[in-house]
1. Would you please give the residues with an amide H less than 5 Å from that of V46, counting only those at least 5 places away or on a separate chain, with H modeled from the backbone geometry?
2. Quick one: which residues, 5 or more positions from G135 or on another chain, have an amide H under 5 Å from its amide H? H modelled 1.01 Å from N in the peptide plane, none for Pro or chain starts.
3. Counting other beta carbons within 10 Å of each residue's own, what order do V27, V126, V46 fall into, fewest first?
4. Taking region 10-54, which trypsin sites (Lys or Arg not before Pro) meet the DSSP loop condition and have no more than 12 other C-beta atoms within 10 Å?
Amino acid sequence: MNPFSHALDRATGARPIPGNIVRHIAVSSDALDAMLEMISRAQRSVHFENYIIADDETGCRFATAWAERARAGVRVRVLYDAFARAARAAASGASCAATAWTSARSGDLDERPDRGVQPRSPQVLVVDGEQSMTGGLCIGNEWAGDPE
């Protein structure tokens, strides 16, 4: 097994399947942009699981993208760690992500906190059952490369 396949197997418990395309995105900001691009192209479904979704500019970008797709009739499911999100939201005092999620209620958005999401679990994005992305990247300015 080549080193990339071995690392993927260790991180996710899955090996590349012949015929599929696997790409490594090493720069966090590029990975977040790739996720947002995948979400924006979704036609049927977006399934997203992550440990932390911060109430900051980056979290707002994601919440806005999910809300937009939900209002367009795409089934959007977002699962995140309830404790981590509540602690970070209280510390930041921001509310952009919450506002975007609230505005998406008229669409097909299912946003749920869960105590079972673990910080060492791979974060996952699946779009239309055809494209997926996994890794250890949470959603927030500190993972986006914000110098502050």
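Readers should treat all values here as calculations from the given coordinates under stated rules, not as data from a laboratory. Fair warning: this is a prediction, and the values are worked out from it, not measured in the lab. Virtual Cβ from ideal backbone geometry, glycine too; neighbours counted across all protein chains shown.
1. Those qualifying (amide H under 5 Å, at least 5 residues apart or on another chain) are R75, V76, R77, D128.
2. Close amide H contacts, sequence-distant or interchain: Q123.
3. Values: V27 10, V126 18, V46 26.
Least crowded to most crowded, the residues run V27, V126, V46.
4. Details: sites: R10, R23, R41, R44; in loops: R23, R44.
The qualifying sites are R23, R44.
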